[in-house]
1. Counting only C-alpha contacts under 8 Å and six or more residues apart, can you give the relative contact order of the stretch 92-175 as a whole percent?
2. Amide H to amide H under 5 Å from ALA60: which residues, 5+ apart in sequence or cross-chain, H placed 1.01 Å off N in plane?
3. How far, in nm, would the chain grow between PHE86 and PHE141 when pulled straight, counting 0.36 nm per residue and subtracting the alpha carbon separation?
4. Find how much the distance from THR51 to ALA113 grows on full extension, using 0.36 nm per residue of separation minus their present alpha carbon separation; answer in nm with one decimal.
5. Bin width 5 Å, alpha-carbon pairs only: give the P(r) of the chain as whole percents, running from 0 to the bin holding the largest distance.
6. Answer with one residue from HIS38, LEU28, TRP76: the one whose Cα lies farthest towards the positive end of the charge dipole of the stretch 1-83, charges on Cβ with Lys, Arg +1 and Asp, Glu -1.
7. Expressed as a rounded percentage, what relative contact order does the chain have, with Cα pairs under 8 Å and six or more residues apart?
8. Please give the contour-minus-distance gain from ARG59 to SER20: 0.36 nm per residue of separation, less the Cα-Cα distance, rounded to one decimal in nm.
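What follows draws every value from the coordinates through simple rules; no lab data is involved. For clarity, every value in this text was computed on a predicted model and none was experimentally measured. No Cβ is skipped: glycine too gets one built from the backbone with ideal geometry, and neighbour counts run over all protein chains shown.
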Amino acid sequence: MADAFAPLRDLFLYVSELESSVELRGSLYVAPWITVFHVISIVMFAGTILTMDLRLLGRANMQTPFSQVQRRLFPWQMAGMAMATFTGLALVFANPMNYFANIIFWTKMSSMAIAGFNALAFHFITEYTVVRWDTAPQPPFGAQLAGGLSVLLWINVVIAGRLIPYATTWVTEVV
């Protein structure tokens, strides 16, 4: 099984030995500010996602049609996602070997992938029917399911993201 991950490990090792990765890792100012901007972008992204998901769940903004909520929040979601992606990749680039063997990091990545599939499924299946339920007092089951899954997955992403630095400590103490 370990052989299956050898190419990925080799890639992470290669990146960790790049001069720019070493410099970024050793920076007293740049790396911490990347973390700060990553947290800010995650807050921006997760906040807009939560607002939209609560509307899908029928728990908030019910006086506003879903299409309006989405139209207003979508540009901010994309900006937050772009900034979170850029800063997240920079964090991994700075110290790839810290992330390669970190189960909590991979839990976060898996949750993000599943959340992405959930969003695509919503977009390609449920959102096409939005004209029928846009102003309805209760969104359909598919919309509620997508919203509920999204909330759970993004909560998992945020919690896992905050726990990533502690994974090596926990594993070392257990072993």
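1. Relative contact order for the stretch 92-175 comes out at 48 percent.
2. Those lying under 5 Å, H to H, from ALA60 are ARG55.
3. Here the answer is 16.4 nm.
4. Numbers: separation 62, 0.36 × 62 = 22.32 nm, distance 2.02 nm.
Extra length from THR51 to ALA113 when fully extended: 20.3 nm.
5. So the P(r) values, bin by bin, are 1, 8, 14, 18, 16, 13, 10, 8, 6, 4, 2, 0.
6. TRP76
7. 30
8. 9.4 nm
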